[in-house]
Amino acid sequence: MKTAAVEGREPYIIYIPVDNPVFRIVASISATSMSSISQAPRGYTRRELFTLGRSSSEEQGRWIRVQRTAMACQFEILLWGDEAHHAAAAREALDEADRIESALTVFRESSELVRVNREAARAPVAVDEETFGLLAQCRALHEATERAFDITSTPLSRCWGFLAREGRLPTAEAVEAARAIVGMEHVELDGAARTVRFSRPGVELNLGAVGKGYALGRMATSMRARGVRDALLSAGGSSAVAVGGRDKGWQVDIRSRRARGPLARVRLRDGALATSGAGEQFFEKEGRRYGHVLDPRTGWPAAGTLSVSVVCADAATADALSTAFLVGGLTLARRYCAWHPETLALVTPDDGSERPVVVGAYPGAALEEA
């Protein structure tokens, strides 16, 4: 194994011989504190490796993966071994993830979003163009998913104890009290003034369901502007963006922590993929399992779906839809995809079959047997 230092905060490069799928995306997220650059290999034949056009024999059969911790997970950028000169562009893109986290996290008092949550119930709060644009996108997705996607659901997560990772069964009265301050109808967006206001106290915004995807999308834009035409960007093992895709495209295996093997394999070119699953946080009470993914319309945990993966052009949208379809199930996925062409959803029912149902299509995605 050879390593080479990369200038900048945290990342470094590791070259690893190719012998495995490029990337495995897991249906439930496990945060990591690692920050590095390594390589994820893929199973090419010798002939295929030969036709990839490596610039030197030293780089043949190797990937370059640039990694950094942000948003409580690992962000990674995967480059071909003959494109090590794009490492600087990858580092710059990871800086973008840091910038977005600083602005949109709810865990730093200095962030734009914390300021909105603190002041918007008292008066309209002016925000920058980027924040307002993302909030407007979240409102549109809220409406398009029949309210299954909702960035105001934090009071419900707190009510169920999932914010503190101490799941508990609340009373019906507590659930209804939390539901009363959940819903985008309580969030007033003034496009002309670019302000945000809450119609009642207690409303909170949390962009965790789209943050990684949004950051990956901005990172991909940054890399394309620097001339990168082939890269796979990922975050937290649950979101990915393909820039280009040689040969058949970037190979992504989709798994669930509650499934025995891969649920699906996707070849991805110039598109975004996000996966949500039901297995990350849960508790059991009197033989019944309660998961951390809550339906904001009812206030109760979603049930009936093991995992959802979505492929579309925009990474923040893919993130939001994977959450919404986990809540709304196959019925919502079918309705949405019927009205929104170039959206592919893989919905795996929680029925023991471990067989995803394919809904819609995306021109840059091809399904293969896992």
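Observations, loosely collected:
- In the range 63-125, a dipole from Cβ-located charges (positive for Lys and Arg, negative for Asp and Glu) runs towards its positive end, and of 86, 117, 74 it is 117 whose Cα lies farthest in that direction.
- The range 257-368 - charge dipole about Cα centre, Lys and Arg +1 at Cβ, Asp and Glu -1, debye rounded to 20: 220
- 14 Å beta-carbon shell around residue 298, net charge (K/R +1, D/E -1): -1
- Inter-part distance where the range 80-94 and the range 337-353 are each reduced to a Cα centre, Å: 34
- The range 112-208: C-alpha gyration tensor shape, a/c 1.5 cut-off, then a/b vs b/c: prolate
- Spin-label model, residue 119 to residue 313: label points 7 Å out along the Cα-to-beta-carbon direction sit 3.6 nm apart.
- 3J(HN,Hα) couplings calculated from phi for the range 281-298 with the Karplus curve 6.51 cos²θ - 1.76 cosθ + 1.60 (θ = phi - 60°) are, in sequence order, 10, 6, 9, 10, 9, 6, x, 10, 8, 10, x, 7, 7, 9, 7, x, 7, 10 Hz; Gly and Pro show x.
- Karplus (6.51, -1.76, 1.60) ³J(HN,Hα), θ = phi - 60°, over the range 174-189, in Hz, Gly and Pro reported as x: 5, 5, 5, 5, 5, 4, 5, 10, 10, x, 5, 5, 8, 10, 9, 10
- Inter-label distance for residue 173 and residue 143, nm, one decimal - labels placed 7 Å from Cα along Cα-to-Cβ: 3.7
- Whole-Hz couplings from phi, Karplus 6.51/-1.76/1.60, listed for the range 301-310; x for Gly and Pro: x, 5, 8, x, 10, 7, 7, 9, 10, 10
- Amide H partners (placed H, <5 Å) of residue 292, local residues excluded: 281
- Taken along the Cα-to-beta-carbon direction at a fixed 7 Å, the label points for residue 108 and residue 92 span 2.1 nm.
- Ordering of 306-315, 183-192 by packing [mean C-beta count within 10 Å, highest first]: 306-315, 183-192
FYI, it's all coordinate maths here, none of it is from the lab. Small disclaimer: the values here were computed from a predicted structure and weren't measured. Note that each Cβ is placed from the backbone with ideal geometry, even for glycine, and that neighbours are counted across all protein chains shown.
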